[in-house]
Amino acid sequence: MYISATRAAIGLSGLRAPLLRSVCTSRLPGGRGLSMMAENTPEEVVFNQPKIELHVHLDGAIRLQTILDVAKRRNIKLQASTKEELAGIITLQEPFTLTRFLDKFAVYMHVVAGDRAAIKRIAYEFVEDKAKEGVIYVEVRYSPHLLANAKVHPIPWNQKGGELTPDDVVQLVNEGLREGERAFKIKARSILCCMRHMPKWSMDVVELCKKYRNKGVVAIDLAGDESLNCEAYPEHRKAYEEAVRCGIHRTVHAGEAGPASVVREAVEVLKAERIGHGYRTLDDKALYKKLLAQKMHFEVCPISSKLTGAWNLEFTEHPIITFMKDKANYSLNTDDPLILNSTLNDDYRTAHTHMGFTEEEFKRLNICSAESCFLPDKEKRELLNTLHAAYGLIQTTAF
Ligand SMILES: O=c1[nH]cnc2c1ncn2[C@H]1C[C@H](O)[C@@H](CO)O1
């Protein structure tokens, strides 16, 4: 039996502020503790088996200590000098709107953006953190433009112009991920994000996907605030057309805070092969039925959905439960663990405690995740074999 007894709140390291702890555990019935990258002991891990993660933002998964270290080295003033203080200004303590949630990135992105060593370091540390969570394959996403300070217009985060281009950023992330893979013995690939409010960047993004498709980059994404930009701009559409033409895999954030029409557009116009979040799909019964039939993959993120305000009712009524009952194709993911102050285990615990997820379902959804990942066929088969062996399953997948 791999699902251990769950506890109302996981053990809190000395770093966890009591105030934050009580707010989080009371607001989030999942009882997620404050992670600050604290590690769970084996008995606290809900599904202690190899896992796949397909939806996590690199820039939403940076260690607090790294932000502090880089700020110090670069002489950048922050309104915090300890991890606790920094957590206090970055992490969410109660449900926000998606718009206000996305504003949180502005608190720290200027620290790492434009800095070679920092970008490589966050990618490397990311792999270490995922390995510790029991993830054996991860697809991590980011916007190369949001980490650059050259050949990007406008230059993000009020940085001064510099020399680090979006292309340099992709190379640095690839290096960090590759070194992390070697050190921590897991597999990590990346997805490059177009941003909904920055259509001018999108053709660049697809070109970078093409250039680095065999060097670590596996897909294109469209991220950002769909509640403000419900319809993809023509530039996004052109970029996705080019992705289709060149066989670049495609995922799109849709139906998180925006309506089901955003999901419909993602599938029908942008030709998305996976949907980031997708909870609002359920508001359009015909669309949901169609996507179920075609085994569309939904990248769901329970804790994120609550704190971004994408889902503002109880976890016990969450659309993910419908996905589970309908045996839909979906993965379980963290999204932005830095801002959410969560770990993948916290999402699994939330699903187990409040949504009735069983060990069998955890295995099934991880198999679905492997089947829907963007690796080439041969590597996908190897991944599936690894999972089947670890889970003690007979391989029946037709893949
Ligand atoms: O949950 C999200 N929905 C939409 N966009 C998001 C979410 N989390 C992060 N992002 C944005 C902000 C990041 O800077 C960007 C690239 O990772 O993607």
Q: Could you tell me which residue of region 58-83 is farthest from residue 193 (Cα to Cα), considering only residues that are open to solvent by 20 Å² or more (accessible area, probe 1.4 Å) and under 23 Å from the mean Cα position of the chain (by Cα)?
A: 83
Q. Residue 193 fails exactly one of the following numbered conditions: (1) in a helix (DSSP H, G or I); (2) under 15 Å from residue 236 (Cβ atoms). What is the number of that condition?
A. (1)
Q. Would a scan of region 140-152 turn up a residue that is over 25 Å from residue 332 (Cα atoms) and among the small types (Gly, Ala, Ser)?
A. yes
Q | Failed condition for residue 110, given (1) part of a helix (DSSP H, G or I); (2) within 17 Å of the chain's Cα centre (by Cα) | A | (2)
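Going by what's in this entry, would residue 313 be described as modelled with pLDDT under 95 and surrounded by fewer than 20 Cβ atoms within 10 Å (Cβ to Cβ)?
Values: modelled with pLDDT under 95: yes; surrounded by fewer than 20 Cβ atoms within 10 Å (Cβ to Cβ): yes.
Judged against the criteria, residue 313 is a match.
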Q: Tell me which of these residue 232 doesn't satisfy, since it passes every other one: (1) in contact with a helix residue (DSSP H, G or I) (Cβ under 9 Å, 6 or more places away or on another chain); (2) more than 14 Å from the ligand (Cβ to nearest atom); (3) of a type in the set (A, V, I, L, M).
A: (2)
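Rundown of residues vs (1) within 16 Å of the ligand (Cβ to nearest atom); (2) basic (Lys, Arg); (3) in a loop (DSSP other than H, G, I, E, B), yes/no style:
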| site | (1), (2), (3) |
| --- | --- |
| 263 | yes, no, no |
| 280 | yes, yes, no |
| 286 | no, no, no |
| 289 | no, yes, no |
| 320 | yes, no, no |
Q: Mind telling me which of the residues 347, 284 ends up being surrounded by fewer than 24 Cβ atoms within 10 Å (Cβ to Cβ) and either touching a residue at least 12 places away in the same chain (Cβ under 8 Å) or within 16 Å of the chain's Cα centre (by Cα) (or both)?
A: 284
Q: Within region 240-250, identify whether any single residue is in contact (Cβ under 8 Å) with a residue 24 or more places away in the chain, within 30 Å of residue 49 (Cβ to Cβ), crowded, with 18+ Cβ neighbours inside 10 Å and within 22 Å of the chain's Cα centre (by Cα), and answer yes or no.
A: yes
Q) With respect to the numbered conditions (1) more than 24 Å from residue 375 (Cβ to Cβ); (2) within 13 Å of the ligand (Cβ to nearest atom), which one is the sole condition not fulfilled by residue 142? A) (1)
(Q) Looking only at residues that are more than 26 Å from residue 50 (Cα to Cα) and among the β-branched types (Val, Ile, Thr) in region 146-204, which one is surrounded by the most Cβ atoms within 10 Å (Cβ to Cβ)? (A) 169
Q. Which one is nearest to residue 58 (Cα to Cα), of the residues in region 94-109 that are away from the ligand (no atom under 11 Å from the Cβ) and open to solvent by 50 Å² or more (accessible area, probe 1.4 Å)?
A. 100
Q: For region 119-137, indicate whether the set of residues that are of a type in the set (Val, Ile, Thr), within 16 Å of the ligand (Cβ to nearest atom), assigned to a helix (DSSP H, G or I) and crowded, with 21+ Cβ neighbours inside 10 Å is non-empty.
A: yes
**Q.** Output for region 291-310, where each listed residue is open to solvent by 10 Å² or more (accessible area, probe 1.4 Å), outside any loop (DSSP other than H, G, I, E, B) and farther than 14 Å from residue 330 by Cβ
**A.** 293, 306
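The values are calculated or read from the model by the stated rules, or taken from the named source; none is laboratory data. Please read all numbers here as calculations on a predicted model, not as lab measurements. All Cβ positions, glycine included, derive from the backbone under ideal geometry; neighbour counts span all protein chains shown. SASA here: full protein model, heavy atoms, side chains in, ligands and nucleic acids out. Shrake-Rupley method; radii C 1.70, N 1.55, O 1.52, S 1.80 Å.
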